[in-house]
1. With respect to ASP104, determine if the residue is within 12 Å of the ligand (Cβ to nearest atom) and among the acidic types (Asp, Glu).
2. Does TYR111 fit the bill of being open to solvent by 40 Å² or more (accessible area, probe 1.4 Å) and of a type in the set (Phe, Trp, Tyr)?
3. Being assigned to a helix (DSSP H, G or I), within 11 Å of the ligand (Cβ to nearest atom) and in contact with a Gly (Cβ under 7 Å, 6 or more places away or on another chain), is that true of even one residue in segment 65-73?
4. Which pairs have Cβ atoms under 8 Å, sit 6 or more apart or on different chains, and link a residue in segment 96-107 that is part of a helix (DSSP H, G or I) to one that is open to solvent by 60 Å² or more (accessible area, probe 1.4 Å)?
5. With ASP101, ASP71 as the choices, which residue is touching a helix residue (DSSP H, G or I) at 6+ places or on another chain (Cβ under 7 Å) and at pLDDT below 95?
6. Report, ordered by the first and then the second residue, all pairs with beta carbons closer than 6 Å, sequence separation of six or more or different chains, a first member in segment 114-135 that is under 23 Å from ILE202 (Cβ atoms) and open to solvent by 30 Å² or more (accessible area, probe 1.4 Å), and a second member that is assigned to a helix (DSSP H, G or I) and within 9 Å of the ligand (Cβ to nearest atom).
7. Regarding segment 180-190, can at least one residue be identified that is of a type in the set (Gly, Ala, Ser) and in a strand (DSSP E or B)?
8. For segment 137-165, what are the residues that are open to solvent by less than 40 Å² (accessible area, probe 1.4 Å) and touching a Phe, Trp or Tyr at 6+ places or on another chain (Cβ under 6 Å)?
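The values are calculated or read from the model by the stated rules, or taken from the named source; none is laboratory data. Model, not experiment: these values are computed from the prediction. Here the Cβ positions follow ideal geometry from the backbone for every residue, glycine too, while neighbour counts run over all protein chains shown. Just the protein is used for accessible areas: all its heavy atoms, side chains included, with ligands, DNA and RNA removed. Shrake-Rupley method; radii C 1.70, N 1.55, O 1.52, S 1.80 Å.
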Amino acid sequence: MRLRNIKGVDSIIEKSKYIVKSPEKNKGKWKEVFSNENEIHIEIGMGKGNFIINMAKNNPNINFIGIEMYDSVIVRAVQKLENEDLLNLKLVKMDARLIEDVFDKEVDLIYLNFSDPWPKNRNAKRRLTHKNFLDKYENIFKGKKIIFQKTDNIHLFEFSIESLSEYGYKLKNISLDLHNSDFSNNIMTEYEEKFKNIGVRINRLEAYKD
Ligand SMILES: C[S@@+](CC[C@H](N)C(=O)[O-])C[C@H]1O[C@@H](n2cnc3c(N)ncnc32)[C@H](O)[C@@H]1O
């Protein structure tokens, strides 16, 4: 998702207390950024930030880090945070392909919400549940590995089920219609709201690995 450029993006990003400017400097010591030992949950490809911002508001005892690769998108999240004072939220502008440069054995949970599906087989390696990404996640998780995924795209969902299972993840709470399931306290993303409004079913899974 690329958006039209907003005027003054660089300065908005530069001034934001939420955006961590040289994230690789915190590798292995993100708990110092938050000044506590609380769990760290990250969202890769957070888009405009609705999900991670509301998760941070609702769960003050968990630290959240939202990752997004485009300036024009991350700046939308920054704008939403203008009047907020959330001590348990940071945002990082980076390509998740470099995620091992930024985290080392310190992440407790990864959220993948409406990730780009990369439908062509030749682009399968770009899917965030491809084995190449799962290899990287091995190095950033602290202990038990937990991934929560939501997607409208059934092909990405099937691919993820296969890829995660082959990698040794145990899948739980699989839903093919999240909004008509008994899952409670769902926080919606921007994409999710759009899909819900036009009646598209949302898939969700939880993946666990020791
Ligand atoms: C389809 S959008 C979904 C955004 C949001 N999660 C939502 O549900 O509304 C996918 C987002 O992931 C970002 N993204 C895709 N690949 C990425 C990568 N390798 N690293 C960081 N962000 C990525 C895109 O820029 C885009 O904003």
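1. On the way: within 12 Å of the ligand (Cβ to nearest atom): no; among the acidic types (Asp, Glu): yes.
Answer is no for this residue.
2. When the stated conditions are applied, TYR111 does not pass them.
3. Yes - at least one qualifying residue is present in segment 65-73.
4. Pairs found: ALA96/MET69; GLU100/ASN139; ASP101/GLU24; ASP101/LYS27.
5. When all the criteria are applied, what remains is ASP71.
6. So the pair list comes out as TRP118/ARG126.
7. Quick first cut of segment 180-190, residues of a type in the set (Gly, Ala, Ser) only: 181, 184.
Right, trim to in a strand (DSSP E or B) and you get none.
The answer is no, given that none of the residues of segment 180-190 is of a type in the set (Gly, Ala, Ser) and in a strand (DSSP E or B).
8. Our first condition is that a residue be open to solvent by less than 40 Å² (accessible area, probe 1.4 Å); within segment 137-165, this holds for 137, 140-141, 143, 145-151, 153, 156-157, 160, 163-164.
Hits for segment 137-165 are ILE140, ILE146, PHE148, THR151.
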